[in-house]
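Peer 1: Following this message is one structure expressed as structure tokens.
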Amino acid sequence: MSLAVCPGSFDPITYGHVDVVRRARAMFDEVVVVVAHNPAKRYLFDAEQRVALARAALADLPGVRVELVDGLLARYCADVGAVAIVKGLRGAADFDSEQAMALMNRHLVGIETVFVMGDPTLGHIASSMVKDVAGHGGPIDDLVPPAVAAALHQALSTPAGEQR
Ligand code: PNS
């Protein structure tokens, strides 16, 4: 059984993330989606909310589970026997930050990071931009799963009916 980890902030999970997890699952028997803490980010949703939204978004994918990890990602990967970390790359900006993390994680426990190129039809989707669009009352239904859209509207006080 091969196990891979898809880590991220998931604040909140988007259809871009779901696509990466689905593709990771096509390569590995089991995928753990790890909701972790990135000190560079301020979050809209707390950790438990981010986990709950990711679970709702991925509920129909067999062999995929979501865990909250409060600590070093590399150590978690070693503890659960993961053979790889899988991340999506939308472009060069993603590459710069992902390269640094991939090299650090390999340095720490020897784990490899496998990158999948983000689907071009989803390349415009980033959690930060989805929050910005939602905060201005813009349409987000084709960017995030329904439970996430509802949670965003509630958190940002933008009734779904007022989308433009
Ligand atoms: O979605 P993000 O914000 O790009 O994900 C980054 C994340 C959460 C995967 C990264 O910050 C992380 O691994 N945090 C856990 C703590 C850790 O292991 N830090 C060292 C990273 S090399």
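Peer 1: Any idea which residue in segment 132-150 is most open to solvent (accessible area, probe 1.4 Å), counting only those that are of a type in the set (A, V, I, L, M, F, W, C) and under 26 Å from Arg25 (Cα atoms)? Walk me through how you get there before you give the answer.
Peer 2: Residues of segment 132-150 of a type in the set (A, V, I, L, M, F, W, C): 133-134, 140, 143-144, 147-150.
Applying the additional criterion that residues be under 26 Å from Arg25 (Cα atoms) yields 140, 143-144, 147-149.
On the way: Ile140: 0, Leu143: 22, Val144: 1, Ala147: 47, Val148: 1, Ala149: 5 Å².
By that ranking, first place goes to Ala147.
Peer 1: Right, here's the next one. On the given criteria, is Pro159 surrounded by fewer than 17 Cβ atoms within 10 Å (Cβ to Cβ) and touching a His at 6+ places or on another chain (Cβ under 9 Å)?
Peer 2: Numbers: surrounded by fewer than 17 Cβ atoms within 10 Å (Cβ to Cβ): yes; touching a His at 6+ places or on another chain (Cβ under 9 Å): yes.
For Pro159, the condition - surrounded by fewer than 17 Cβ atoms within 10 Å (Cβ to Cβ) and touching a His at 6+ places or on another chain (Cβ under 9 Å) - is met.
Peer 1: Against the condition over 30 Å from Ala134 (Cα atoms), touching a residue at least 40 places away in the same chain (Cβ under 8 Å) and in contact with a helix residue (DSSP H, G or I) (Cβ under 8 Å, 6 or more places away or on another chain), how does Ala78 come out, does it pass?
Peer 2: Details: over 30 Å from Ala134 (Cα atoms): yes; touching a residue at least 40 places away in the same chain (Cβ under 8 Å): no; in contact with a helix residue (DSSP H, G or I) (Cβ under 8 Å, 6 or more places away or on another chain): yes.
No; evaluated as a whole, the condition is false for this residue.
Peer 1: For the subset of segment 110-131 comprising residues that are open to solvent by 20 Å² or more (accessible area, probe 1.4 Å) and within 13 Å of the chain's Cα centre (by Cα), which member is nearest to Gly91 (Cα to Cα)?
Peer 2: Looking at the filtered set, the residue picked out is Gly118.
Peer 1: Would you check if Val33 is part of a strand (DSSP E or B), open to solvent by less than 60 Å² (accessible area, probe 1.4 Å), modelled with pLDDT of 95 or more and within 13 Å of the ligand (Cβ to nearest atom)?
Peer 2: Working: part of a strand (DSSP E or B): yes; open to solvent by less than 60 Å² (accessible area, probe 1.4 Å): yes; modelled with pLDDT of 95 or more: yes; within 13 Å of the ligand (Cβ to nearest atom): yes.
Yes: the conditions hold for Val33.
Peer 1: Could you list all residues from segment 12-47 that are more than 27 Å from Gln154 (Cα to Cα) and either in contact (Cβ under 8 Å) with a residue 60 or more places away in the chain or within 10 Å of the chain's Cα centre (by Cα) (or both)?
Peer 2: Once the filter is applied, which keeps residues that are more than 27 Å from Gln154 (Cα to Cα) and either in contact (Cβ under 8 Å) with a residue 60 or more places away in the chain or within 10 Å of the chain's Cα centre (by Cα) (or both), segment 12-47 yields Arg23, Ala24, Met27.
Peer 1: Let me ask you something else. Return yes when Ala102 is without any contact (Cβ under 8 Å) to a residue 60 or more places away in the chain and in contact with a helix residue (DSSP H, G or I) (Cβ under 8 Å, 6 or more places away or on another chain) and no when it is not.
Peer 2: Values: without any contact (Cβ under 8 Å) to a residue 60 or more places away in the chain: yes; in contact with a helix residue (DSSP H, G or I) (Cβ under 8 Å, 6 or more places away or on another chain): no.
Criteria not met by Ala102.
Peer 1: Only one of these is at pLDDT 95 or above, in contact with a Pro (Cβ under 7 Å, 6 or more places away or on another chain) and open to solvent by less than 80 Å² (accessible area, probe 1.4 Å): Leu44, Leu53. Name it.
Peer 2: Values: Leu44 fails: in contact with a Pro (Cβ under 7 Å, 6 or more places away or on another chain).
Result of the check over Leu44, Leu53: Leu53.
Peer 1: Next up: Looking only at residues that are touching a Gly at 6+ places or on another chain (Cβ under 8 Å) and among the charged types (D, E, K, R) in segment 133-164, which one is modelled with the highest pLDDT?
Peer 2: Glu162
Peer 1: Suppose we keep only residues that are over 16 Å from the mean Cα position of the chain (by Cα) and open to solvent by 50 Å² or more (accessible area, probe 1.4 Å) within segment 61-79. Which one would you say is nearest to the ligand (Cβ to nearest atom)?
Peer 2: Of everything passing the filter in segment 61-79, Leu72 is nearest to the ligand (Cβ to nearest atom).
Peer 1: Could you tell me whether segment 3-20 includes any residue that is more than 10 Å from the ligand (Cβ to nearest atom) and exposed (fewer than 14 other Cβ atoms within 10 Å of the Cβ)?
Peer 2: no
Peer 1: Moving to a separate point now. Quick one: is Val130 more than 11 Å from the ligand (Cβ to nearest atom), β-branched (Val, Ile, Thr) and more than 17 Å from Val21 (Cα to Cα)? Explain how you work it out, then say what you get.
Peer 2: Working: more than 11 Å from the ligand (Cβ to nearest atom): yes; β-branched (Val, Ile, Thr): yes; more than 17 Å from Val21 (Cα to Cα): yes.
Yes.
Peer 1: May I pose another question? When residues of segment 80-109 are filtered for being open to solvent by 60 Å² or more (accessible area, probe 1.4 Å), β-branched (Val, Ile, Thr) and not in a helix (DSSP H, G or I), how many remain?
Peer 2: 1
The values are calculated or read from the model by the stated rules, or taken from the named source; none is laboratory data. Please read all numbers here as calculations on a predicted model, not as lab measurements. Please note: Cβ atoms are built from the backbone with ideal geometry, for glycine as well, and neighbour counts cover all protein chains shown. Note: accessible area is taken over every heavy atom of the protein model, side chains too, but ligands, DNA and RNA are not part of it. Shrake-Rupley method; radii C 1.70, N 1.55, O 1.52, S 1.80 Å.
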